[in-house]
Each structure stands twice: as structure tokens, then as C-alpha cells.
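First comes the structure, then the notes that go with it.
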Amino acid sequence: MKASKYLITTLKDSPADAEIVSHQLMMRAGMIKKLGAGIYNYMPMGLRIIRKVEKIIRQEMDKSGAIEITMPVVQPAELWLETGRFQKMGPELLRIKDRHDRDFVIQPTSEEVVTDIARQEFKSYKQLPKNLYQIQTKFRDERRPRFGLMRGREFIMKDAYSFDKDIGTAKASYQLMAQTYRRIFDRFGLRYRAVAADSGAIGGDLSEEFQVIAATGEDAIVYCPTSEYAANIEKAQSLAPQHQRDEPKVKMTRISTPTQSSCEAVASLLGVALKTTVKSLVLVTDLLDEHGVLKSSKVWLLLLRGDHDMNEVKVGKLPGFEGGFRFATNAEIQAHFGCKPGFLGPVGVTTPLSVIADKEVAVMSDWICGANIEGYHLQGVNWSTDLGEPDLVADIRNVVDGDLSPDGLGHLSIERGIEVGHVFYLGTKYSQAMNATFLDESGKPQFMEMGCYGIGVTRIVAAAIEQSHDSKGIIWPDSIAPFTVVICPIGLDRSELVQVAATRLYESLCEKGIDAILDDRGERPGAMFADWELIGVPHRVVLSERGLKENLIEYQHRTQSEPTKMTPQDALTYLLEHISV
């Protein structure tokens, strides 16, 4: 590719609405152009990266035995009505009508359509297993689209769906995809972690997220540096305390805390460690009748150590919380505790409620909590002596850095990540809803066992930038860089020597299948280098008449601060040895 024939439109400054690094740099590098809120044109430089991501995905999916199809972006609502998701999905599902007043959706995902294909095509167990995948545009009507390709409304995604005859073969299909994803992400050249994820309402343990490690990531990833354990923050389990509850040492007393309504403020006032305090969270579960009318409500008091946070996913799995929960209103709190939030505690509560204590709280002694009187807390609170034992002891908190790893092989660490892929065992959720059956070995109809597997193609691009950039611009891994090598000739229009040498190297690279670009625009060296550092091409070769007369050229990797000099004759061999695609 010759730069003069290409479309290169770099900017010195970031657009005012670009909030994160990947959004800023993609806009500045001319990779995307905003068309509307959360909707972008993929410009040539950006599209090259997307196509390279897609190529790696396609090669590994095909190698795994998956079969590529393409499903429509616009899908009839009838299929979504079969699964109930037309109503349940909420405003993120963009609903439209055609000229005949028929309902359609703009696909955010394709479980319904692919299940419809399966129930028409797979009639016998002999046709299973099958895995169908597509790389297709998706649309989710985000309330607040932001961060460029990280959280846009329109995006490109690879979604795959496996169909099996029983749970055993479905698990095998899941494991095949989990390993395929590891090969895909290894080839991207990004630092990532595959972490155990929550399976939601379906349950089970077959769910993994693939997270690209980045300091700006929205997700907390929990891992053990000395073992293979890794999970997202919702899934990570905290071990039961390794010690027993100590005997009480002090008598419970009421202390004045006139303006201290948080555990942090109370601990600071008393000069004690935050972990000696207990926070009270009041939740409510509502029981509805078949028409959605409220029949009754139950109030729960959850107790956590002051330095811990509640894990809503774990709480949602507790007995009694299967139908969901909400935080109590101020009126409900006042009715049960006779006090406003900030001074609540479990001691002396006479109204009916159930007390759930985190495992850490259950072994605490002489702890501090609210007194249920505004402006006061209790110090020296103990189980059995000052209040009864909790109704339930459970793991209801987020793990923290330094906790023991659940596998017992070390301590946990936490880092930030960006979710870019997910493998998930679905079971028969969609096949039952859509009556997708096959005939088994005995001729009886059975529901197909399904799995789904997604990779955010355009999100990968943004995540790669979030992971690797500097003050000059993007730093791409070789495998997905828009160009692998850029040749920067100085004085190309004035020197036949430079023209010949630059063209010879460029053509040699192209013959070897290396994705190279020759910058023949005639830019000044400073402006030329700044463009390619911003764009992030990993390998740069600079040729000048002075250097060539000394039989020297300069090579510099995007991560290096100083160039390496070599002869033009050695350049091709050196590049081929140092490029990893």
C-alpha cells in the first residue's frame, strides 16, 4: 500500500466528547468517524484492524469445526415473542414496524433466529453436534452510549451457538469453545484472563468471561498469582474465616455519634480499625400474584464487616431471594427500626425480619454497629450475649485483595479488565421455549442442549488500545495492527537513491506477505513519524540519502525509544525475524 493512495486523516487534538483513551486515539488516528450517538463509520485504517480481528476469529472457529452463517440484522418479532424476550428485554431492544404494521427487531443477539434454524434443520441425533456462528452487526439501544466503540449502540460481534443431544456432549462442545477462545486471544497478542463468571438464572458452573487486562477496565478480575484460580468479582468466593469466634472481652455500651452515619466515620471518631465495625443493609423481597399485584413483602437485615461490600449476585442466590430483591425504602426502614439509615443495627429490633450475617461477621466479637437511635452506635456487641444468632450465615460479600484463594493455593489479587468475550452453557432454555427437538436413538423427541459463545469484535479493538498506548498514540500487537511495517523515506521526492531503496524494501516485504505501507506523501520527518506513532504501526524503517550513502538505514519498534542502525541488505531478514503475526 502506498500512503499517497490511501486515506490517512489524523488529528492533533481529541474531540471534546471523547472521554477515554481508546475513543480519543481512534478518532485522532482517523480510524472511526462519529455519525450519531453510539454509531460510527469505520474508516479504512480502523476497518483494516477489524478485518484482522475477524480473520483470526474465523480461522480458529473454522478449525474447531464451527460452521459460519449470517443471520439478518432485522428479525421478525414472532420469534422473540416465542421466548418472551420481545417484552422482557426492555428498551435496549430496538423495536420497529414495517409498512404492513408488522413488528420487527434490530438484532442485539440471535438466539431466537439460530434456534429457529436448528429446529428446521436438525431432526436426528445423527446430525448433532453442530456449532453455527456468524460475524455480524448488532444493535443495542443503550440509554447512554459512550466511550466510542467500548459502549456504542451499533457494533460488530461474533456469536456462535452449539447444539447437542445431551448434557455430556454439550459440556464437551463448551470445553471445545473455551479452548478455541484461548487460542483466539493468544493470537491477538493481548494480555487477558479467562475468568469464571456467574451463570445467572440458568445456574451451573459453565460460564467464563474473557477479560483484556487494562487499568481503565470497568470489571474487577480476581485471581491468584500462585495458582490457576481466576473469577470475576461477582463469582469469586470468599473462604470461611480460618479462626473461631473469640470470647467477649467488653460489655456492650452506647456511644454518641452525632453526625457519624457511616462505618468509616464511626471508626475514625473512635480511633479503631474499620474492620471492627458492622454495616447494616436492609433488603426487601416482594411476593407477587399471577397478575403482578403485590401480595406480601419480607424484610431482611444483612450484616457485613465495615470494610466489605455486598455482592448482589451472591445475595440473589440465597434462599428466599430467588424472585429478586430491592433495597428498602426510608419509610420501610423507619417502620422496622424506628430510626433513619446510618444508625441501624440488629440489637433490640422487635419487628419481624430475618438476619443474614456474612461469614466474617458471624465470627466477630466486640463489634460496633448502629443503636437504632439517631446519633448513637453500640460498642462491644457480641452474638449470643447481646442478640441471638443470625438466621443465616452466608458468603455475601465481594472478595478483597489479600483474601485466601478458594483453591487454598495462595492469596487473591484484583486487577481491572474489559470483558471482550463470553462462553456460556444455555441448556434447554431456548430449545424448550421454541420447541426445538430432535429424535434420539430410541426415536423419542428431545430438546436440544445449547451453548452460546460471543466475542465483541469492535470492542477488542478498543480494549487493545486501552491496554497498550503511550503519550504518542497507540501501540498495536503485530497480529491486529492496521499495517505491520511502515517505511518512512526522507526526501523521497528529491533522491533517486531513497526512491529505489524504499521501493525495493517495500516490494520485498509485500512478496513475503508482510502487510507494509510506504509513506510516499512527502511529509516532513517529524509530521510523518508523529502520524505513524499515533496510528501505532509496530515496526518502522527510516531511509535517508545520507544514511544510504553510508549503507545504513534505521529500524525502530513502536515501543523503543531509540532506533537500531543496520544495512539495507539486512533489513528484510531482520524484520522477518522480529515480526510475529
_From 110, 124, residue being surrounded by 20 or more Cβ atoms within 10 Å (Cβ to Cβ) and either of a type in the set (Phe, Trp, Tyr) or in contact with a strand residue (DSSP E or B) (Cβ under 8 Å, 6 or more places away or on another chain) (or both)_ = 110
*Name the one entry in 79, 128, 132 that is of a type in the set (A, V, I, L, M, F, W, C) and not assigned by TED's automatic domain parsing to the domain that holds residue 432.*
79
*Of all residues in the range 491-507, count the ones that are buried (at least 16 other Cβ atoms within 10 Å of the Cβ), in contact with a helix residue (DSSP H, G or I) (Cβ under 9 Å, 6 or more places away or on another chain) and closer than 27 Å to residue 561 by Cβ.*
4
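Condition first: within 19 Å of residue 80 (Cβ to Cβ) and touching a Phe, Trp or Tyr at 6+ places or on another chain (Cβ under 9 Å). Now tell me which residues in the range 431-446 satisfy that.
Within the range 431-446, 431, 432, 435, 436 qualify.
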*In the range 90-104, residue surrounded by the most Cβ atoms within 10 Å (Cβ to Cβ) [restricted to those that are at negative phi and either of a type in the set (Lys, Arg) or free of Cβ contacts under 8 Å to residues at least 24 places away in the same chain (or both)]*: 95
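Do we find a residue being surrounded by fewer than 17 Cβ atoms within 10 Å (Cβ to Cβ) and in a loop (DSSP other than H, G, I, E, B) anywhere in the range 523-537?
yes
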_Which of the numbered conditions does residue 87 fail, given that it passes all the others? Conditions: (1) under 25 Å from the mean Cα position of the chain (by Cα); (2) at pLDDT below 95; (3) loosely packed, with under 14 Cβ neighbours inside 10 Å._
(1)
*From 360, 322, which residue is farther than 30 Å from residue 217 by Cβ and either of a type outside the set (A, V, I, L, M, F, W, C) or assigned by TED's automatic domain parsing to the domain that holds residue 225 (or both)?*
322
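For residues that are over 37 Å from the mean Cα position of the chain (by Cα) and of a type in the set (A, V, I, L, M), scanning just the range 454-508, find the one that is nearest to residue 581 (Cα to Cα). Steps first, please.
First, pick out the residues of the range 454-508 that are over 37 Å from the mean Cα position of the chain (by Cα): 488-508.
Checking which are of a type in the set (A, V, I, L, M) leaves us with 490, 492, 497-498, 500-502, 505.
Values: 490: 28, 492: 29, 497: 31, 498: 28, 500: 27, 501: 25, 502: 23, 505: 19 Å.
Residue satisfying both the conditions and the ranking: 505.
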*Counting just the residues of the range 290-314 that are farther than 30 Å from residue 402 by Cβ and of a type outside the set (D, E, K, R), which one comes out surrounded by the most Cβ atoms within 10 Å (Cβ to Cβ)?*
299
*Residues of the range 131-146 being surrounded by fewer than 20 Cβ atoms within 10 Å (Cβ to Cβ) and either farther than 22 Å from residue 51 by Cβ or without any contact (Cβ under 8 Å) to a residue 12 or more places away in the chain (or both), which ones?*
141, 142, 143, 144, 145, 146
*How many residues does the range 90-147 hold that are over 16 Å from residue 68 (Cα atoms), of a type in the set (Gly, Ala, Ser) and part of a loop (DSSP other than H, G, I, E, B)?*
0
*Across the range 490-504, what is the total count of residues that are farther than 12 Å from residue 2 by Cα and touching a strand residue (DSSP E or B) at 6+ places or on another chain (Cβ under 6 Å)?*
2
_Just the residues that are in contact (Cβ under 8 Å) with a residue 12 or more places away in the chain, surrounded by fewer than 19 Cβ atoms within 10 Å (Cβ to Cβ) and in a loop (DSSP other than H, G, I, E, B), please, taken from the range 538-571._
551, 552, 559, 563, 567
*asked:* Among (1) buried (at least 24 other Cβ atoms within 10 Å of the Cβ); (2) part of a strand (DSSP E or B), there is one condition residue 422 misses while meeting the rest; what is its number?
replied: (1)
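Any idea which of 434, 448 is assigned by TED's automatic domain parsing to the domain that holds residue 135, surrounded by 23 or more Cβ atoms within 10 Å (Cβ to Cβ) and closer than 18 Å to residue 118 by Cα?
One residue alone meets the criteria, 448.
Are any residues in the range 400-418 part of a strand (DSSP E or B) and surrounded by fewer than 20 Cβ atoms within 10 Å (Cβ to Cβ), and if so, which ones?
404, 411, 413, 414, 415, 416 - these are the residues of the range 400-418 that are part of a strand (DSSP E or B) and surrounded by fewer than 20 Cβ atoms within 10 Å (Cβ to Cβ).
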*Given (1) of a type outside the set (A, V, I, L, M, F, W, C); (2) touching a strand residue (DSSP E or B) at 6+ places or on another chain (Cβ under 8 Å); (3) under 13 Å from residue 483 (Cα atoms), where does residue 547 come up short, assuming only one miss?*
(3)
*Test result for residue 63, over 21 Å from the mean Cα position of the chain (by Cα) and in contact (Cβ under 8 Å) with a residue 24 or more places away in the chain*: yes
*asked:* Within the range 167-239, considering only strands (runs of 3 or more DSSP E) that don't extend past its boundaries, which have at least 3 residues that are over 15 Å from the mean Cα position of the chain (by Cα)?
replied: none
_I'd like to check which strands (runs of 3 or more DSSP E) are fully inside the range 241-314 and have at least 3 residues that are under 25 Å from residue 389 (Cβ atoms) and under 33 Å from the mean Cα position of the chain (by Cα)._
278-288, 294-305
*Hey, residue 493 hits all of (1) acidic (Asp, Glu); (2) within 26 Å of residue 148 (Cβ to Cβ); (3) touching a residue at least 12 places away in the same chain (Cβ under 8 Å) but one; which does it fall short on?*
(2)
*Out of all the residues in the range 148-165, is one or more free of Cβ contacts under 8 Å to residues at least 60 places away in the same chain, under 21 Å from residue 458 (Cβ atoms), within 17 Å of the chain's Cα centre (by Cα) and not in a strand (DSSP E or B)?*
no
*Every pair of residues 6+ apart whose Cβ atoms lie under 8 Å, when the first sits in the range 243-256 and is within 19 Å of residue 344 (Cα to Cα) while the second is acidic (Asp, Glu)*: 252/386
*What number of residues within the range 315-340 are surrounded by fewer than 17 Cβ atoms within 10 Å (Cβ to Cβ), part of a loop (DSSP other than H, G, I, E, B) and either of a type outside the set (Lys, Arg) or modelled with pLDDT of 95 or more (or both)?*
7
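The values are calculated or read from the model by the stated rules, or taken from the named source; none is laboratory data. If you're wondering where the values come from, they're calculated on a predicted model, not measured in any experiment. Counting neighbours? That spans all protein chains shown, and the Cβs are built from the backbone with ideal geometry, glycine included.
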